[in-house]
Every structure is written in structure tokens, then in C-alpha cells.
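The next block holds one structure in the form of C-alpha cells; read it before the comments.
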Amino acid sequence: MRPKSSLGQNFLTNPGIVTKIVSFSGVTKGDVVLEIGPGRGILTDRLLETASRVVAVEKDDGLFAFLSEKFSRRRNLALIHGDVLEIDMRELISPDMKVVANLPYNIATRILLRFAEIPDLLHSMVVMVQKEVAERICAPVGHSGYSALTVLLLSVFECTPGFVVGPKNFFPEPKVDSRVVKLVPRENHLPQGERDRFRQVVMCSFGQRRKMLRNSLLNLPGVTRDTLPAISLASGIGLEQRPQNLSWEEYRRLSRAYSQIIVS
Ligand code: SAM
């Protein structure tokens, strides 16, 4: 089976890195783990030894057949043939599940944003992504990597960077470094009912990254130069700021003010 770059197939080859990922994930007996993209099963094998039960979703037909054979005797594995972006997560996930994965890099951010819709079902996520993506996820306010992705994930998760993994630990070797990241749902995460509006405000703000908010927010439906002062007053946010200088909590205030003043 030749690795398919279209499915982000860079398989881990170093068991020492697998040990470090599982240790960083904190998975122990009693845990139920969801693995996305088990590939050839190097991480799955270790998760099956460490956790009580593993649910693993693989899209690739050939790998699914290979894994079904390889793990045919494992009673604590549920192998699912499907696309993690299309499956109904609520059917897959049991409460307090730990997600552990070496994600397909081409769709890693889309996968993370899907999980950001169901924080109440998750205990934690430990995922390996491209190093540059990990740095965007964990970027502090004001940093050049601080982006819409950072804010959307921070509104739901506390994000902690883990260790860096070089290309030599994979087959085929990717062109970039990788990094493990831990995401744990916040207790005070953004409620589901506010997420669409919040996302709209964040995406609009970062749509024109170099502009002050008072200019970019004019692209939101209903916002005019006349209504901007009321939004600023209600949110307590100075709109001369640029998008990378607001914390996720400030975006929450901004999106609440937008809802109050324009939408209602
Ligand atoms: N876990 C293995 C490892 O560490 O060696 C493989 C990781 S590889 C980076 C990503 C895996 O995700 C591949 O097995 C690929 O086929 C699978 N994959 C890609 N897109 C997927 C999708 N949409 N849904 C489920 N699995 C997917």
C-alpha cells in the first residue's frame, strides 16, 4: 500500500514518539479513546494496551481492510470505516472520551473545529499537527500566529503545546516539523447558542487582519459607522484595535454587543 498524500498519510515509525504521545495524553486503564486515522495501527496498538476501549475511524479502504485483519482478535477495538468530517460525532463519542491522534495534516484544522462544536462530550484531545498549525493554535494574543483559528479554538479549549517531532520519525518523511498539542474543554467555554454569532464576528475581524476593527466590522450585516460607537460602548472594546490584539473573552463581549445592538 503506497501512502496517499491526498489523505495526509505520513505514518509514525518511531515507537519512542508513540510512547511520548500516549504519556502526554494521560490515557490510562478505564479510559475510552477515539483515534482519528489509525493508519497502519502503530498508535492504535499502544492505545489498546493502555486504555479500556478504543474507537478508531479510518477513511482509507485499503488501510481499513488491513487494520480489520491486524486487530481481528482485539475485543476492545471498534474500527469504523468512514470520514471523520462526515460522521455524526455524537454517535461516535461517549461522554468523557479522550481523543488521541496523529491527524491528517491537510484537514487537521477542519477536524479540530468540528470537535470544538462538542466540547461537552470530550475529556481532552491530544493531537499531532504540523508545527506551524500547533503554533497558531497556541499563539498568545498579539503574536503573528494569533488568528481566527486560535480564537475559535480558545473559546472552547485550553490549548497547551507539547513536544516537537522531526520528519525522520515518519514514513514518508513530511517536509515540515510536527508538534503535539493538548486541548482541554474550558469550564466556561462559549455556550453553543452563541457560537455562530461569535464565529461570524471573529471571521469578519480577521478577514482584514491589518485593518482596525472599526473598519473590518463594517462588513458585518447591519453594522454602519453610526452603530459602531454603541457596539464599542456595550462591549467596552476600543475599535481602533487590530484583530490580533483581542482575547477570546473580548471577542465574546464584542459578539454579544453586536447581537444586542444590531440583531435584536
Ligand atoms: N495514526 C497513524 C500513524 O500515526 O502512523 C496514521 C496517521 S496519518 C498522519 C493520518 C491517517 O488519517 C491516515 O491513516 C489517513 O488515511 C487517515 N485519514 C485521512 N483523512 C481521513 C478522514 N477524513 N477520516 C478518517 N481518517 C482519515
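Values in this text are rule-based calculations from the coordinates and carry no lab data. Computed from a prediction, not measured in an experiment: that's the story for all the values here. Cβ sites come from the backbone with ideal geometry, for glycine too, and all protein chains shown count toward neighbours.
Beyond 19 Å, what share of the Cα-Cα pairs of segment 61-210 is found? Please give it as a whole percent.
Details: 6642 of 11175 pairs.
Tail of the P(r) past 19 Å holds 59 percent of the pairs.
Taking the Cα centre of segment 55-133 as origin, work out the dipole magnitude from +1 charges on Lys and Arg Cβ and -1 charges on Asp and Glu Cβ, in debye rounded to 20.
Numbers: 10 positive and 12 negative charges, 75 e Å.
Roughly 360 debye, rounded to the nearest 20.
Given the -39500 (n - 2.57) contribution per DSSP H run of 4+ residues, what per-residue ellipticity at 222 nm results for the chain, rounded to the nearest 500 deg cm²/dmol?
Per the formula, -10000 deg cm²/dmol.
For segment 1-117, what are the per-bin percents of Cα-Cα distances with bins 10 Å wide, up to the bin holding the maximum?
Each 10 Å bin holds this share of Cα pairs: 13, 49, 35, 2.
What aspartates and glutamates sit close enough to LYS98 to cross-link, taking a C-alpha to C-alpha distance under 18 Å and skipping anything fewer than 8 places away on the same chain?
Within the straight-line cut-off, LYS98 pairs with ASP31, GLU35, ASP45, GLU49, GLU58, ASP88, GLU117, ASP120, GLU158, GLU187.
Once the dipole of segment 5-185 is set up with Lys and Arg at +1 and Asp and Glu at -1 on Cβ about the Cα centre, which of LEU103, LEU152, GLY166 lies farthest towards its positive end?
Value computed over the given set: GLY166.
State to the nearest 20 debye the size of the charge dipole of the chain about its Cα centre, where the only charges are +1 on K and R beta carbons and -1 on D and E beta carbons.
The calculated dipole for the chain is roughly 500 debye.
Quick one: what Rg and Dmax do you get for the chain from the alpha carbons, in Å?
20.3, 68
Using only Cα atoms, locate the centre of segment 164-223 and the centre of segment 234-252, then give the distance between them in Å, rounded to an integer.
Taking the Cα centre of segment 234-252 as reference, the centre of segment 164-223 is 15 Å away.
Please give the helix 61-70 orientation as an angle from the longest Cα principal axis of the chain, in degrees from 0 to 90, rounded to the nearest 10.
50 degrees
Name the lysines eligible as straight-distance cross-link partners of LYS70: C-alpha to C-alpha under 18 Å, and not fewer than 8 places from it in the same chain.
Hits, sequence-local ones excluded: LYS59.
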